[in-house]
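This report concerns only the one structure given below.
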Amino acid sequence: MTHEDVPYERLAAFQGRAAATAATGKDPVNLPMIRHWCEAMGDAHPAYEGPDAVAPPTMLQAWTMGGLSGHTGAAGRSEAYDELFALLDGAGYTSVVATDCEQEYLRPLRPGDEITFDAVIESVSPRKTTKLGTGHFVTTRMDVHADGELAGTHRFRILKYAPTAGKPAKRAALRPRPVVNRDNAGFWEGVAGHRLLFQRCRACATPRFPWLPGCADCGSPDWEAVEAGGTGTVFSYVVMHHPHFPAFDPPYAVGLVELAEGVRIVSNVVGVPYDKVRIGMPVRLEFLRVDDELELPVFRAEEEG
Ligand code: ZN
């Protein structure tokens, strides 16, 4: 990605411009939000409970946030922040990362306090080159008032930057190796011979998968290996978007496949886009060579109907 220089004077002209004026907190300071915050943070300090509770000072910004729905109406909002971002976006500084924040506390916030706040673009840095890329730091200061009195200041800094081109080449990541042990070695021997083996109890004939040393139904340790015919249906599935594991390319579907013999196995459903996998979809076993050392049983979607 290329970016053009924005004359620094144009950026510096935003310093001191209001980003929000006399904006109002969505809720007054209140105990339920304090309790949820403390639970999320694991903070059991007694000052935040009971009839004389105060809000944790670090909640300062929480009282100013618009939440998912944002702040309603145009009241308090200024265009300066949007204009600055549009200018930086247009110059190719399209990425943003929050870098740090500082807070000062002047007086405790108590349930019932009505919150108003003003925000100002305090500084825009000259162009800097960082490991992430080249860009400008933008520092915004928010003054938080409780019932009209300055209660604290929240200063936060972001970097608007153009990502560095030509990232170092990623080493190809390998799929995780299976853990093969005495209890499941027979399964992996089957895979090596392109056979999907499950276990069947010799005492009560209950089939089972994954491999275990004993029968969950009757407790018998006696079993035999049975080869699956290879047909089944998608019993359930999830689509993985996050987290991103090396060697996997999200989004992808992880299927829980019920074999015709009645046991279920977690595997990939292949031959169909991740968003076309459906419960009840017929699938058929095949073996996927993942890399030099690893083959896995996967299930290919069969034409329905
Ligand atoms: Zn049994």
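General remarks:
- Here, the chain yields an orientationally averaged convex hull projection of 25.2 nm² when only Cα atoms define the hull.
- Once backbone amide H atoms are built at 1.01 Å from N, ASN30 has GLY112 as its partners under 5 Å, excluding neighbours fewer than 5 places away on the same chain.
- Element breakdown for the stretch 185-301 at a 1.4 angstrom probe: carbon and sulfur atoms account for 54% of the accessible area.
- 3J(HN,Hα) from dihedral phi, the stretch 281-298, Karplus parametrisation 6.51/-1.76/1.60, rounded to Hz, x for glycine, proline: 5, x, 9, 9, 5, 8, 10, 9, 7, 7, 7, 4, 9, 10, 10, 9, x, 10
- 5 angstrom amide H check on SER220, placed H, neighbours 5+ away: CYS215
- Over the chain, relative contact order from alpha-carbon pairs under 8 Å, at least 6 apart, %: 14
- Rolling a 1.4 Å probe over the heavy atoms of the protein chains gives the stretch 153-305 an accessible area of 60 Å² per residue.
- Coupling constants for the stretch 38-44 follow from the phi torsions by the Karplus curve (6.51 cos²θ - 1.76 cosθ + 1.60, θ = phi - 60°), and in residue order they are 4, 5, 5, 8, x, 9, 9 Hz; glycine and proline get x.
- Each label point was placed 7 Å from the Cα along the Cα-to-Cβ direction; for ALA86 and HIS45 their separation is 4.2 nm.
- Subtracting the Cα-Cα distance of SER69 and GLU224 from 0.36 nm times their residue separation leaves 49.9 nm of extension gain.
- For the stretch 198-302, averaging the sequence separation of C-alpha pairs within contact (under 8 Å, six or more residues apart) and dividing by the residue count gives a relative contact order of 22 percent.
- Taken over the stretch 185-301, the alpha-carbon convex hull comes to 115 cubic angstrom per residue.
- Each residue of the stretch 56-66 was assigned a 3J(HN,Hα) from its phi angle through the Karplus curve 6.51 cos²θ - 1.76 cosθ + 1.60 (θ = phi - 60°); the sequence is x, x, 5, 6, 2, 5, 4, 6, 9, 7, x Hz, with glycine and proline shown as x.
- Under 14 Å from the ASN181 label point (7 Å along Cα→beta-carbon), backbone N, the stretch 234-277: none
- For TYR48, solvent-accessible area (1.4 Å; no DNA, RNA or ligand), Å²: 40
The values are calculated or read from the model by the stated rules, or taken from the named source; none is laboratory data. Nothing here was measured: the structure is a model prediction, and the numbers come from that model. Cβ coordinates were reconstructed from backbone atoms using ideal geometry, including for glycine residues, and neighbour counts include every protein chain displayed. Accessible surface areas use protein heavy atoms only, side chains included; no ligands, DNA or RNA. Shrake-Rupley method; radii C 1.70, N 1.55, O 1.52, S 1.80 Å.
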